[in-house]
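Q: Pasting a structure below so you can have a look.
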């Protein structure tokens, strides 16, 4: 009598396993032999992208490349200005060179130590022009002149204005340098220098 229950249990478990197998096969599909090797495809894609990135040099930096770069540079400029003012360096860490990040971080810590708060309202960019571009070994550097309009002030703990004017729009002239390693897989440009 006990043996018949064991056989029923085994048959029941086999049926459940078969059902699960069929459901998984229906969802995931089966290999037909025509699938591309994903590892190889991924490596080819990375190699292809690397070759595309290498194409950025002084001779291939044409008008379209300049226009595309300036679009990204304007977005980066606004993000860096507003996040630095708010003290949110983690939001822009991937846009900053290590030295610039360290300098910005030190400035924010100094501001916090003095109990100061920066308030910035970004109005817009009047112009952004490529001043210079050069390739030095594997690094491609682009210097951009920005003219923007910003309302900014610094307040103390009592919300008293210690510098700037919270009501006045001021015109700001900045020269920033961006660079990218043409050998890198990453297409990201990093801010490497700022001059006001």
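Q: Measuring from label point to label point, each 7 Å out along Cα→Cβ, what is the residue 167 to residue 149 span in nm?
A: For the pair residue 167/residue 149, the computed spacing is 1.8 nm.
Q: Another one. Quick one: if the Förster radius is 41 Å, what FRET efficiency do residue 62 and residue 119 give, using the C-beta to C-beta distance and rounding to 0.05?
A: On the way: r = 41 Å, r/R0 = 0.99.
Calculated transfer efficiency: 0.50.
Q: So, one more: Using the Cα atoms of the range 60-195 to build a convex hull, what is its mean projected area in square nanometres? Write down the numbers at each step before the final one.
A: On the way: hull surface 34.7 nm².
Convex hull of Cα atoms, orientation-averaged projection: 8.7 nm².
Q: Hey, another quick one. Relative to the present Cα-Cα distance, how much length would full extension add between residue 159 and residue 188 at 0.36 nm per residue of separation? Before the final figure, lay out each step's value.
A: Numbers: separation 29, 0.36 × 29 = 10.44 nm, distance 3.80 nm.
So the chain would gain 6.6 nm between residue 159 and residue 188.
Q: At R0 = 45 Å, how high is the FRET efficiency between residue 132 and residue 20 if r is their beta carbon distance? Nearest 0.05 is fine. The partial results should precede the final answer.
A: Working: r = 65 Å, r/R0 = 1.43.
Efficiency computed from Cβ-Cβ geometry: 0.10.
Q: If you don't mind, there's one more thing I want to ask. Kirkwood-based Rg over Rh for the range 126-196 (C-alpha set), two decimals?
A: Values: Rg = 17.0 Å, Rh = 14.5 Å.
Using Cα coordinates only, the ratio equals 1.17.
Q: Cβ neighbours within 10 Å, averaged per peptide: list 142-148, 106-112 in order, most packed at the top. Intermediate values should be presented prior to the final figure.
A: Values: 142-148: 18.6, 106-112: 12.6.
So the peptides 142-148, 106-112, ranked by packing, come out 142-148, 106-112.
Throughout, read-outs are computed from the coordinates displayed, never taken from laboratory work. Worth saying up front: this structure is predicted, and the values here are computed from it rather than measured. Glycine also receives a Cβ, built like all others from the backbone with ideal geometry; neighbour counts cover every protein chain displayed.
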